[in-house]
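Okay, so here's the structure we're looking at.
Computed from the coordinates by the stated procedures, all read-outs in this text should not be read as laboratory data. The shown structure was predicted, so the numbers you read here are calculated from the model rather than taken from an experiment. All Cβ positions, even for glycine, are placed from backbone atoms using ideal geometry, and neighbour counts span all protein chains on display.
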Amino acid sequence: MSSEQDSQNGGAANQDAQGSRSRWWLLLLLLPYVGLLYPPLYSRLEPELWGIPFFIWYQFLWVLITVVITTIVYKVRS
């Protein structure tokens, strides 16, 4: 029984070490929040991209960036 407990404790310690290492990837999920946190930084019309004002394409770009970040975090954590 002692060897079973030791293997369980070792497995739990290994999972904790992996979990804390993987948690750093979760900080990437804050990037979209920070990028869109302060609207005065991007609430302007210029520069336009294909006739689309900066305000709109900047936000849409963050949608795409968020998809990429979420995919990376999902792949790393699974």
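Restricting the chymotrypsin sites (Phe, Trp or Tyr not before Pro) of the range 48-78 to loop positions (DSSP other than H, G, I, E, B) with no more than 15 neighbouring Cβ atoms within 10 Å leaves TRP50. Sequentially through the range 35-46, phi angles give Karplus couplings (6.51, -1.76, 1.60; θ = phi - 60°) of x, 10, 5, 10, x, x, 5, 10, 8, 8, 8, 9 Hz, Gly and Pro residues having no value and appearing as x.
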